[in-house]
Amino acid sequence: MDPVRNKELEDLDRHLIWHPFTQMKDYVKEVPLIVERGEGSYLMDIYGKKYLDGVSSLWVSVHGHRKKEIDDAIRNQLDQVAHSTLLGISNVSAVELAKALVGIAPAGLRKVFYSDNGSTAVEIAVKIAFQFWKQEGNGGSKHSFLSFINAYHGDTIGSVSLGGIDLFHEMYGSLLFPVYRAPYPYCYRCPLERSTPACGLECLNRVEDILSTHREEIAALIIEPMIQGAAGMITSPKGYVKGIRELTKKYGVLLIADEVATGFGRTGRMFACEHEAISPDILCLAKGITGGYLPLAATLTTGEIFNAFLGEYKEKKTFFHGHSYTGNPLACAAAVANLKVMKEERILENLQGKIQFLSEALKEYGKLEHVGDIRQLGMMVGIELVVDKKTKEEYPFEDQIGIRVIQEARKRGLIVRPLGNVIVLMPPLSVSQDELSEMLSITYDSIKAVTSPALPSPL
Ligand code: PMP
């Protein structure tokens with residue numbers, strides 16, 4: 001540890017780096033946390049202090065840090081080639097990964113279009129859906145999209161157009177293309193003021209109203225299946241996603257499943273669509289695809305969609321889209337290794353006990369005075385903090401309640417991030433039960449310390 005170097009790194013960080021989703025006026029006043037190393041579920045900063053990685057380094061890490069098989073796969077690929085384009089030519093690891101992805105994807109998804117992050121995976125889905133209908137001979141009348149209130153699909157202009165989180169998206173309103181928006185079943189604060197299961201999923205009727213009225217215009221409906229992540233881990237009630245699949249079929253609208261956050265085991269299944277046994281027409285993947293090692297994304301489509309792009313060159317049906325690092329061999333090699341580990345170590349089978357453990361432990365949180373709702377799907381958890389449990393009154397934005405809780409957690413050796421008033425836990429799938437217990441007790445204590453310091457801790 002070199003104190004001079006550390007100080008210099010901190011100063012340079014504060015002066016040079018503009019951090020994403022971060023109020024820099026506040027950031028520069030703090031001592032930055034600069035990560036130097038990682039091992040399993042832990043990250044180590046430049047002072048050697050250990051932190052549990054409670055959000056899988058922004059929902060990407062699957063087997064933890066420094067997973068030998070993935071490290072080796074990248075090193076081996078480096079000995080071959082680091083990068084080569086996919087425009088008009090191919091590379092070995094991109095081909096191997098495509099085979100592996102089609103092998104595990106929901107039925108019918110047969111073609112893999114690569115890019116390098118979740119937002120581009122979604123942009124590509126949007127462009128493909130739009131162009132598909134044009135080339136299907138409907139003359140381009142299907143030019144619009146249906147997305148959900150509170151949806152998050154990324155930060156590029158196309159994916160922001162589909163997004164529905166005012167805090168992130170409203171600012172860019174005049175730059176965006178208009179989309180139809182349906183309420184997502186946020187059951188804790190039901191937009192229709194109903195409650196499940198008595199409601200009989202009335203919210204599906206709202207989607208049907210929009211689809212039946214605008215079916216001629218709507219190219220695709222995009223959904224974060226089973227759980228809206230960035231909205232605050234909002235889980236949908238049983239049957240909802242299946243209902244959406246049925247409605248999109250009924251009205252001849254493509255279904256885009258954005259599994260950027262939920263894919264690769266995060267919900268306890270390989271893909272969230274599996275919970276309701278549905279297959280979308282287009283599937284967006286990123287984040288966990290490389291086990292959290294390198295930027296890579298894939299947009300998968302059915303053969304039918306792909307076929308609409310075939311034609312004589314002069315017909316201009318080609319999909320004119322591609323990024324410099326599309327199908328990067330290092331990233332694809334990491335992804336192939338990630339999937340191999342998932343299979344060989346029976347990650348999904350072994351995960352079920354941890355998910356159960358997590359559900360049991362989370363029940364304790366209900367005792368906290370300011371925990372209004374606890375939502376969980378697999379290893380994705382959102383703990384919604386409220387001023388008053390009875391009225392569900394929200395903490396005012398300026399209270400920064402979530403930020404204060406995660407700052408407490410950081411002091412106690414846990415890295416987590418809030419989504420507004422929701423504290424998110426999303427440990428790597430490889431987390432041990434002991435590590436999970438530690439994460440849970442730190443989070444509990446941190447919530448308590450910020451919201452009601454007088455309560456004793458049962459954990
Ligand atoms: N879609 C979903 C559902 C996401 O959660 C995210 C990122 N949190 C994205 C898209 C965008 O992914 P990226 O940050 O890799 O662009």
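A few points about this structure:
- Residues of the stretch 86-111 that are within 19 Å of the chain's Cα centre (by Cα) and hydrophobic (A, V, I, L, M, F, W, C): Leu101, Ile104, Ala105.
- Test: residue in the stretch 54-77 that is touching a residue at least 40 places away in the same chain (Cβ under 8 Å), over 22 Å from Leu285 (Cβ atoms), of a type in the set (A, V, I, L, M, F, W, C) and out of contact with any Lys or Arg (no Cβ under 6 Å at 6 or more places or on another chain): no
- Glu349, sole failed condition from (1) under 21 Å from Ile165 (Cβ atoms); (2) open to solvent by 30 Å² or more (accessible area, probe 1.4 Å); (3) of a type outside the set (A, V, I, L, M, F, W, C): (1)
- Any hit, the stretch 231-248, residues being within 12 Å of the ligand (Cβ to nearest atom) and open to solvent by 20 Å² or more (accessible area, probe 1.4 Å): yes
- So Gly108, is it open to solvent by less than 30 Å² (accessible area, probe 1.4 Å), small (Gly, Ala, Ser) and in contact (Cβ under 8 Å) with a residue 60 or more places away in the chain: no
Condition check ((1) more than 16 Å from the ligand (Cβ to nearest atom); (2) open to solvent by 30 Å² or more (accessible area, probe 1.4 Å)) across all residues:
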| position | (1), (2) |
| --- | --- |
| Arg5 | yes, yes |
| Val55 | no, no |
| Lys67 | yes, yes |
| Ile70 | yes, no |
| Ala73 | yes, no |
| Asp79 | yes, yes |
| Val92 | yes, yes |
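- Residue match in the stretch 141-164 (condition: within 16 Å of the ligand (Cβ to nearest atom), at positive phi and either open to solvent by less than 20 Å² (accessible area, probe 1.4 Å) or modelled with pLDDT of 95 or more (or both)): yes
- Looking across the stretch 180-225, the residues that are part of a loop (DSSP other than H, G, I, E, B), buried (at least 18 other Cβ atoms within 10 Å of the Cβ) and either in contact with a strand residue (DSSP E or B) (Cβ under 9 Å, 6 or more places away or on another chain) or free of Cβ contacts under 8 Å to residues at least 40 places away in the same chain (or both) come down to Tyr184, Pro185, Tyr186, Glu224, Pro225.
- Whichever residue in the stretch 296-323 is open to solvent by 10 Å² or more (accessible area, probe 1.4 Å) and closer than 14 Å to Ala94 by Cβ and, among such residues, is farthest from the ligand (Cβ to nearest atom): Gly322
- Scope the stretch 106-131; condition away from the ligand (no atom under 13 Å from the Cβ), in contact with a Phe, Trp or Tyr (Cβ under 8 Å, 6 or more places away or on another chain) and of a type in the set (Val, Ile, Thr); matching residues: Ile128
The values are calculated or read from the model by the stated rules, or taken from the named source; none is laboratory data. Every value quoted in this text rests on a predicted model; they were computed, and no experiment measured them. Virtual Cβ from ideal backbone geometry, glycine too; neighbours counted across all protein chains shown. Each accessible area value is taken on the protein alone, full model and side chains, heavy atoms only, with ligands, DNA and RNA left out. Shrake-Rupley method; radii C 1.70, N 1.55, O 1.52, S 1.80 Å.
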